[in-house]
Each structure stands twice: as C-alpha cells, then as structure tokens.
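Below: the structure, in structure tokens.
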Amino acid sequence: LASPDDPLWRKSIDAMVVEVERCARLGIADLVFHPGAHVGSGEEAGLQRVAQALDLVIERTAGLAVTIDLETTAGQGTCLGHRFEHLQTILDLASDRSRLGVCVDTCHIFAAGYSLAERGLYDEALDAFDRAVGLRLIRVWHLNDSVRGLGSRVDRHAGIGAGMIGLEPFRLILNDPRFRGLPMILE
C-alpha cells in the first residue's frame, strides 16, 4: 500500500478490499497487514500513500465490521512500520481511524531496535509506543523470538526461547493486565 507505482498501488488496494470482504464473510474481526515499502520514494511519501490507500479501502468496505491492523515491522530495506512514529503518522493521516488498529510483533520490534529484555526496557518500549500510537490501539500480538539481534532490521522469526530475545519479554507481555483478553498468536 506504500508503493509509488500507481498500477501496483491500485492492485494492492483492490486486494486489500477483497481481504476485508473475505474477513467479513468469515466473521473474522481483524485483518493484520504490513504497511509496505516506499521503494525509494521516501518515508514521508510512503506513509502518505498507505494512509490514502487505507482511506480508500475503508470507504469501499463501509459497513463491514472488520478492523484493519497495521503490523509493526522489522524495517528491512525500505519497509515502513519499524518506528512507532510511522504507525502514528499513518493513523494521523487517515481520514477514518474508527476501523484501524495495531498488531505488535515481538520479533519485528526487537529487530527494529526496541528491547523488551527486562522490566525497565519493556516499560520504556511500551511507553514509547503509548506516546506515539496509544496502547489502546493494540488489538493483537504476534509472539515470536528473533534469529537476529537487537536492531538488526532483519525479519527472521524463531520459536520462543530459541532466539535472541529471551524468555523474560514474553513473561512480561503475558502477565501485563493491559493486554489481558487480546489475541496472542505464535507464528
């Protein structure tokens, strides 16, 4: 949805509309997606394209009870969403935020440079997310360990406890009352 190539951008919007419609037919409440890559047009232009695309998707799927969740990313290449501020910008630029939420992926935020390794770092990362986006917008977690190190910007998932993140962050997330009742998916 961030592509500067108009035909590809329109095809991506069409595909997202089909996915939202499919979710509605199946009774799936949330659709998680990566914001995409700006492929050289720059972060600002890419973020604007994502917001414009979401406006069109929401308009074309009006009346469907499906929330579209922006997923945090590791930031490989020109991928957007590895900074919490990217998500904030997309949400701020979107005309209708009522059907938008966020999916936080532990591997992705770790690879993007947000450590959750111990209580202080966990609190610092979540405070940064809350300031930028708002914890209330988290609708789902993807719980994954990371093959690569902190700040690597490489999206390579590992099983929990088999990667570089360690077990403590998962204990903290699972025991955080703010996230009680949210779906947490092992990928």
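The values are calculated or read from the model by the stated rules, or taken from the named source; none is laboratory data. Everything numeric in this text was worked out from a predicted model, so none of it was measured. Methodologically, a virtual Cβ is constructed for each residue, glycine included, from the backbone with ideal geometry; neighbour enumeration extends over all protein chains shown. Just the protein is used for accessible areas: all its heavy atoms, side chains included, with ligands, DNA and RNA removed. Shrake-Rupley method; radii C 1.70, N 1.55, O 1.52, S 1.80 Å.
Annotations for the structure displayed:
- A residue that is touching a residue at least 12 places away in the same chain (Cβ under 8 Å) and either hydroxyl-bearing (S, T, Y) or in a helix (DSSP H, G or I) (or both) cannot be found anywhere in region 31-40.
- On the stretch given as region 137-177, residues that are of a type in the set (S, T, Y) and open to solvent by 60 Å² or more (accessible area, probe 1.4 Å) total 0.
- Qualifying residue in region 52-75 (condition: small (G, A, S), open to solvent by less than 50 Å² (accessible area, probe 1.4 Å) and under 23 Å from L143 (Cβ atoms)): yes
- Matching residues in region 120-146 - criterion: being under 16 Å from I165 (Cβ atoms), hydrophobic (A, V, I, L, M, F, W, C) and touching a strand residue (DSSP E or B) at 6+ places or on another chain (Cβ under 8 Å): W141, L143
- Enumeration of residues in region 98-119 that are open to solvent by less than 40 Å² (accessible area, probe 1.4 Å), assigned to a helix (DSSP H, G or I) and either of a type in the set (S, T, N, Q) or over 30 Å from E59 (Cβ atoms) (or both): T106, C107, I109, F110, A111
- Any hit, region 97-104, residues being among the small types (G, A, S) and more than 15 Å from the chain's Cα centre (by Cα): yes
- A count restricted to region 132-187 and to residues that are among the hydrophobic types (A, V, I, L, M, F, W, C), touching a helix residue (DSSP H, G or I) at 6+ places or on another chain (Cβ under 8 Å), free of Cβ contacts under 8 Å to residues at least 60 places away in the same chain and not in a loop (DSSP other than H, G, I, E, B) stands at 10.
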